[in-house]
Every structure is written in C-alpha cells, then in structure tokens.
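To start, the structure under review is shown below, and the notes come after it.
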Amino acid sequence: MINYQSIIELLQSDKYVDKTKNFESFWKFRHETLVNCKSTGSSLFLKTFACFLDECIDSKEVFRNLTIGKEEEFNKHVNSYRVLYLDFSDFDAKNFDDAKEHI
C-alpha cells in the first residue's frame, strides 16, 4: 500500500524535483510493467504516478501546480483510474507468476 500522504508532502516540498512531464509517455499503454529498476529512482516516480492516477485520492490540486498540470491531457487522467501497485520488494517474488501466487 502506498502512503499517498507522504508522497503529497514530498510533492509540496521545495526539495521535490518535478519529473511529472514523463507521465505522458505512459498514456499509450493499457498496463505497464517496469523491471530491473533498482537504484534508478523509479520507486518514487511510480508512487508519484500512482498518486496522480488513483481514483481513490483527490490529488488534482497538488498536481495542478506541477508540470503535468499544464498538459492538455491532465484532466483526462488525474485521479481517473483504479491503481494496483505491486512492489516485488514487499514480498519474496522473482517474477509475475511468483507475485500472483503470493497474492
């Protein structure tokens, strides 16, 4: 489970480096799996992306002030999807089949 409140606090801090412009590269995918991303900063990026997409949270105002908030597709995607966030580091799984077995 993602702690969205901690992500929002980070997004609102002056220490956050805005990488939300990269969200638009995912619009063409129905689902996406990223692998072998250890030590790339992808965990924070994906949690931020989940916070942007998840229909269970209202984060529009937070993201409106970032780069993605100025994009044409902003209102179409923000808080519009059911997000299933699986982090394989949370349990012992080496691949998708192992993850399914765990779930």
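The values are calculated or read from the model by the stated rules, or taken from the named source; none is laboratory data. None of the values given here were measured: they were computed from a predicted structure. Ideal geometry is used to build each Cβ from the backbone, glycine not excepted, and the neighbour counts take in all protein chains shown. SASA here: full protein model, heavy atoms, side chains in, ligands and nucleic acids out. Shrake-Rupley method; radii C 1.70, N 1.55, O 1.52, S 1.80 Å.
Taking the criterion of being in a loop (DSSP other than H, G, I, E, B), out of contact with any His (no Cβ under 9 Å at 6 or more places or on another chain), more than 13 Å from LYS21 (Cα to Cα) and of a type outside the set (A, V, I, L, M, F, W, C), the residues of the stretch 51-93 that qualify are GLU55, ASP58, SER59, ASN79, SER80, ARG82, TYR85, ASP87.
Quick grid of which residues meet (1) charged (D, E, K, R); (2) at pLDDT below 80; (3) in contact with a Lys or Arg (Cβ under 7 Å, 6 or more places away or on another chain); (4) open to solvent by 60 Å² or more (accessible area, probe 1.4 Å):
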| position | (1), (2), (3), (4) |
| --- | --- |
| PHE29 | no, yes, no, yes |
| LEU34 | no, yes, no, yes |
| LEU44 | no, no, no, yes |
| CYS51 | no, no, no, no |
| GLU55 | yes, no, yes, yes |
| ASP58 | yes, no, no, yes |
| GLU73 | yes, no, no, yes |
| VAL78 | no, no, yes, no |
| ALA93 | no, yes, no, no |
